[in-house]
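Bear in mind that the values in this text are calculations on the coordinates, not laboratory data. All of these numbers come straight from a predicted model, not from anything done at the bench. Don't worry about glycine lacking a Cβ; one is built from the backbone with ideal geometry, like all the others, and counts go over all protein chains shown.
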């Protein structure tokens, strides 16, 4: 059955399945992605700090949005990628997908931390306290816990393939739960503090405000790609250390 | 010498319902013969509850306000505490291997095991909860909400906890890890559970909360045994 | 340009501490995500190369 | 009448940075005993766990009655009896309760023969005693009683003779002989030499791993 299925998938899917090919393609893509990331993040930051107008209610503290929102979006996307990669690894027994899933976890966790910290800092001038049980912040905190669980499980299991499969199951269970958690936390939030001022829910943001945000979001995505490829390359080398091509690669240097 | 019966002639398959009942009976029998495991979660529940008046304040009005959350958090922790043993002994003595090699649907056996576990923890907690509610000065209007929400919510806790138990069954130090994996997933149940009790206390309708808890339970019953079965195969394989 | 002078830019209308703290943290997280894997990669390659040499000698 | 039941092709398995076996191919016909040999840690148990379908950390192909085992999973489970390292006996249940549970789990076990089987392994009179009062050897015998109930063609037995006395071993060997005679087959590991069970094919995992061997 597995063999019959194989013909239906495009060729690049199988190339991706080859760790060696993946290692090489990541090496080729890295410089370009790094350059784009540098330009986008630098340009976006300058735009956000210097040119974007201040918010009429929150003043200049509003500029934190250009870090908070992209990192929050990325933390969520990263979890999704982790779960999907894990599922691919489970179903097609694809080693590279397992490695992608494993590499995602620390990046996603660090971005969740950044979103939490910037949210907390932003809360100080906005609400007057460093931490508020705002629905978004609380969901992000729980997402961070989910990342911690995945990482803890992965490091607790010795056998690499078992660790990858177990983590994939956990990530998938988490993926099913994320919408439920978000919904329940929002309900809980409206129940306890109705109609408070929300951090990022602005009616209509003028273009001067959301354009730099868009740049930053795209910049964070490319940054994520760079960070992921760096980790993935390490992971490929580590897992494939006994294969001939890794030995050749290392002996040449 | 008689020949082996051919595959077609082996026709002793028990039905799905009979299998479920056999597995349920076996697990109930096992926990009834090991009395300590039966009462440990209950004692834990009672002890944690006792800590709150001692640690916060014995003032009735204050405790009454705290009661829904405290009851639910304690029930959640008590369930979590007992979760690790769900597959542990089966894994240790090799019965889990035999279970995985059975041609019978693993889904059913897993569901039966979780049901037995729930009867021994969640159901027992639900039954003693009103007693403890009285100790925390929970108004009597809140009792139906408390019972019903626990009745609908604790099976979901057992189902989700079983996923954590299945993932960590091959590890020696599964106990702490299981809480790390499972606690974040318990949050929706906690929110809707305490919400139901609070609504009942203030005299608001609790139907909506119970419906949501029921929906979570339905989702759990359909998906959790699948995840547990997959996790068990992975854990035993490693 | 939303600011008239550099000191105005630094003070961010009184919110300087929060804004700059956030951006510093952002920088730290981004750099950490690049530097740590690069370092780990270097160490990994060294240790793997050592191992390969060891095995080559032994056989 | 001999027919290929299980066929293994180019099996590869590594564990903890060590290759246990590579390119291992063999087949098991009906009416055949295959004994897996090797030093401790050579991967005997791992191989049996892979063959039974418990462990999936391998590369290569396994066929059951010429069908890939992943596809024939259900049929294979019906026709397999696996006796593992741990006996799989619940200490809090009685011998009979334990066996009844296994009969519910696998249709190839015949529940009507439970009493007779327990008598065969020398446990008559102990049917309703909780197993934690029994000795380790008796635990294994409870589990071995499954062999007397089984109509499964393939038996995979991991060290079935440990903690069993001489007479018990002879009885088990006779049982295996009967199973072979009726067209079943057995894959086993044991430290003892099998006697009087006819042709035994040996697969040595140590030799298999010798360079160019």
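Annotations for the structure displayed:
- Using just its DSSP H runs of length 4 or more, each adding -39500 (n - 2.57), the protein assembly as shown gives a mean residue ellipticity at 222 nm of -22500 deg cm²/dmol after division by all residues.
- Neighbour-count order for A:223, A:145, fewest beta carbons within 10 angstrom listed first: A:145, A:223
- For A:93, B:173, D:172, order by how many other beta-carbon atoms lie within 10 Å, fewest first: B:173, A:93, D:172
- Debye intensity ratio I(q)/I(0), log10, the stretch B:104-184, q values 0.18, 0.25, 0.26 Å⁻¹ (C-alpha model): -0.84, -1.12, -1.16
- Residue-averaged beta-carbon neighbours from other chains (10 angstrom radius) around A:125-134: 1
- Projected over all directions and averaged, the alpha-carbon convex hull of the stretch D:94-213 occupies 8.7 nm².
- Using the Cβ-Cβ distance between residue B:89 and residue B:141 with R0 set to 41 Å, the FRET efficiency works out to roughly 0.45.
- Modelled spin labels at residue B:37 and residue D:37, positioned 7 Å past Cα toward Cβ, are 4.3 nm from each other.
- Folded to 0 to 90 degrees: helix B:106-120 orientation relative to chain B principal axis, Cα: 40 degrees
- Label point of residue D:27 set 7 angstrom out along Cα-Cβ; within the stretch D:35-78, amide nitrogens under 14 Å from it belong to D:62-68.
- Chain C: angle of helix C:16-58 to the longest principal axis, Cα-based, in degrees nearest 10: 10 degrees
- Rel. contact order, % - alpha carbon contacts under 8 angstrom, at least six apart, chain D: 29 percent
- For chain B: relative contact order, % (alpha-carbon pairs under 8 angstrom, 6 or more apart): 25 percent
- Debye equation applied to the C-alpha atoms of the protein assembly as shown, log10 I(q)/I(0) at 0.05, 0.07 Å⁻¹: -0.33, -0.63
- As a length-normalised measure over Cα pairs under 8 Å and 6 or more apart, the relative contact order of the stretch D:75-132 settles at 45 percent.
- Evaluated on the stretch C:1-50, the Kirkwood hydrodynamic radius is 13.6 Å, with distances taken between all distinct Cα atoms.
- Label zone (residue A:57, point 7 Å along Cα-to-C-beta; backbone nitrogen cut-off 17 Å) within the stretch C:14-46: none.
- Entry for the stretch D:87-152 at q = 0.11, 0.22, 0.29 Å⁻¹: log10 I(q)/I(0) = -0.19, -0.80, -1.40, Debye formula applied to identical alpha-carbon scatterers, no solvent contribution.
- GNM result for chain A, Cα springs below 10 Å: residue of A:216, A:151, A:229 fluctuating most strongly: A:151
- The orientation-averaged shadow of the Cα convex hull for chain B, equal to a quarter of the hull surface, comes to 15.2 nm².
- Separation of the residue D:200 and residue D:67 label points, Cα + 7 Å toward Cβ, nm: 3.3 nm
- Degrees separating the helix D:136-149 axis from the principal Cα axis of chain D, which is the longest one: 80 degrees
- Largest mean-square fluctuation among B:157, B:127, B:180, in a Gaussian network model of chain B whose springs join Cα atoms under 10 Å apart, belongs to B:180.
- The simple Förster model, with R0 at 45 Å and r as the Cβ-Cβ distance, assigns residue B:25 and residue D:9 a FRET efficiency of 0.60.
- FRET efficiency estimate (nearest 0.05) - Cβ-Cβ, residue A:131 to residue B:176, R0 22 angstrom: 0.30
- Label-point gap, in nm, between residue A:252 and residue C:46 - each point 7 angstrom along Cα→Cβ: 2.2 nm
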